[in-house]
Amino acid sequence: MNSTLFINTARFIALLLLQVLVCNQLNFMGSLNPYVYVLFVLLYPIVSNRMSLIFLAFTLGLILDLFLDSGGAHAAAAVSIAYMRPAFLKFSFGAAYEYQAIKLNAAEALPRLTYFALLILIHHFILFTLVYFDSSKFKIILYNTLINGGFTLLLVWLLNALFSSKKS
Amino acid sequence: MQQLLNFFFKNRTFLLFLMLFSFSIVLTITSHDYHKSRFLNSSALMSGSIHAFFSKIGNYFNLKKENILLLEENNRLKALNLNRSIQYTAVSNDADNYQLTPASVIKNSYAFPQNYLTLNKGERDLIKEDMGVITSKGLVGIIDQTSSKYARVISILNTKSKINAKLKKSNHFGTLEWNGENHRSVQLHDIQDLVKLAKGDTVVTSGYSSIFPENIPIGRIESFQLNDTKDLYIINVSLFNDMTHLRHVHIIENLDFEELKTLKEKNE
């Protein structure tokens, strides 16, 4: 139990710094910035207190808002995916996910990919809606969601593969 | 009462979510309002010092480019000084109205509709809200938040920013805004359709705003078209500054700012 606590604390701080100091300085091809901090919500232990995840996601988002001058957009997006997560776990891994206590990294690649992709898309859509905050800019919001979402998914996938401990 | 408590207990996850979500929405809405974004910003001490620490590392990678920029500026100023030295007395006495403070950019963004910069100078360096920020090449933005050591600047690449600007050639003035699309150009609005425009004309600050002195360069006219009612131009201005590489800037203080402000308020 203590090691999960340690891992999640380390992940929280590492992803926060990675986001602010590296990912938001990238501006790849003009305006592409991946939001890798969603990995914290994605990888949070499945068997855990939902309220603590919601609260932690909110805190992470709020600290990012403070660094990136984005009002409360990151906090709103992060807290939303933290709340919606169980539904998507069920959708991607089947209803049994709760009882089997699956390790995410032991699961097959395809359900893991759908789970990552769906939550990232929802997160980015809420984020860019709040950042632009203008209904006439719907096209730009959608474009940014897809492009940045793809970039985030790629990086999240690579980061996850890099740091996961394979037990096969 | 029992049922009410039960209800809260049963839905506590949803209620927590709802509470935190609405709190962040309120923060977002206030941040979109020019005068209310006071809660969270990057001039705060903790985020400011982390940005400052890491920008020190980044500084080394740009030394060469910065040196060339400084050399160019020195060269320009020297040339100006040599050419002016004879008629120096002709410079009017309003030269002392503005005071400059050098500062470094420790955080910059340009990929969002609302971009802000953070500078490493704050209240203890006598930096206040509503001071202008420029580089040797041109306009950067206006300071909107300060903490004791840091200041936040609303970049001209911010859809909230509105700055008074004019055409250098003909002195026609309008409002400089940004449509949030391209970080290389901003838009000048409210110029009459009678005015003759040409590509490449220079746009400078008008000096009406009491934040910036007159004739600070902004950019060149890239293209122009009439607005929907066909009586005013919308002019695309390509910026002199490369907003993606800002390191050293100057903060302008108008020493008469308070006086001008009280005069304005009296008239209203």
Exercise. Could you work out the helix-only [θ] at 222 nm for chain B, with each DSSP H run of four or more residues adding -39,500 (n - 2.57) and the total divided by the number of residues, to the nearest 500 deg cm²/dmol?
Worked result: -9500 deg cm²/dmol
Exercise. Are there GluC sites (Glu not before Pro) in the stretch B:213-260 that DSSP marks as loop and that have at most 15 other Cβ atoms within 10 Å, and which are they?
Worked result: B:Glu214
Seminar exercise, completed: Here the FRET efficiency for B:Asn62 versus B:Asn11, based on Cβ atoms and R0 = 45 Å and rounded to 0.05, is 0.25
Exercise. How big a patch of accessible area, both sides summed and in Å² to the nearest 100, lies buried between A and B at a 1.4 Å probe?
Worked result: 3100
Problem set entry | Reachable lysines, given that their alpha-carbon falls under 23 Å from the alpha-carbon of B:Lys10 and they are not under 8 places away in the same chain | A:Lys90
Problem set entry | Distance histogram for the stretch B:117-268 (every C-alpha pair counted, 10 angstrom bins, percent rounded to whole numbers) | 11, 39, 33, 14, 2
Exercise. So which residue, out of A:Leu154, A:Leu62, A:Leu21, gets the largest mean-square fluctuation from a GNM of chain A using Cα contacts under 10 Å as springs?
Worked result: A:Leu21
Exercise. Quick one: Karplus J couplings for the stretch A:42-50, per residue in order, coefficients 6.51, -1.76, 1.60, θ = phi - 60°, nearest Hz, x for Gly and Pro?
Worked result: 4, 9, 4, x, 5, 8, 7, 6, 5
Exercise. Around B:Gly200, with a cut-off of 15 angstrom between Cβ atoms, what is the net charge of the other residues, counting Lys and Arg +1 and Asp and Glu -1?
Worked result: +3
For this session: Go through the stretch B:208-248 and name the trypsin sites (Lys or Arg not before Pro) that are in a DSSP coil and have 16 or fewer other Cβ atoms within 10 Å of their Cβ.
Result: B:Lys230
For this session: Rank B:Leu100, B:Leu117, B:Leu18 by mean-square fluctuation in a GNM of chain B with C-alpha springs under 10 angstrom and give only the top-ranked residue.
Result: B:Leu18
Exercise. Across chain A, where is the longest run that never hits trypsin sites (Lys or Arg not before Pro) in a DSSP loop with at most 10 other C-beta atoms within 10 Å?
Worked result: A:1-165
Exercise. 222 nm [θ] for chain A, helices only, -39500 (n - 2.57) per DSSP H run of 4+, per residue, to 500?
Worked result: -23000 deg cm²/dmol
Exercise. Taking every residue in B:12-23, how many Cβ atoms of other protein chains lie within 10 Å of its Cβ, on average?
Worked result: 6
Exercise. Near A:Asn27, within a Cβ-to-Cβ distance under 14 Å, what is the net charge of the other residues, with Lys and Arg +1 and Asp and Glu -1?
Worked result: +1
Exercise. Cα-Cα over 25 Å: which of B:Lys137/B:Lys199; A:Lys137/B:Lys264; B:Lys65/B:Lys121; B:Lys107/B:Lys162; B:Lys65/B:Lys107; B:Lys64/B:Lys149?
Worked result: A:Lys137/B:Lys264; B:Lys64/B:Lys149
Problem set entry | Within-10-Å neighbourhood charge of B:Ser136 [Cβ basis; K, R +1; D, E -1] | 0
Seminar exercise, completed: Averaged per residue, the 1.4 Å probe accessible area of the protein assembly as shown, protein heavy atoms only, in Å², is roughly 55
For this session: Pop a pseudo-label 7 angstrom from the Cα along the beta-carbon direction at both B:Gln3 and B:Asn215 and give the gap in nm to one decimal.
Result: 7.9
Problem set entry | In degrees, nearest ten, helix A:2-17 long axis to first principal axis of chain A (Cα) | 20
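The values are calculated or read from the model by the stated rules, or taken from the named source; none is laboratory data. Just so it is clear, the structure is predicted and the values come from calculations on it, not from any experiment. No Cβ is skipped: glycine too gets one built from the backbone with ideal geometry, and neighbour counts run over all protein chains shown. Accessible surface areas use protein heavy atoms only, side chains included; no ligands, DNA or RNA. Shrake-Rupley method; radii C 1.70, N 1.55, O 1.52, S 1.80 Å.
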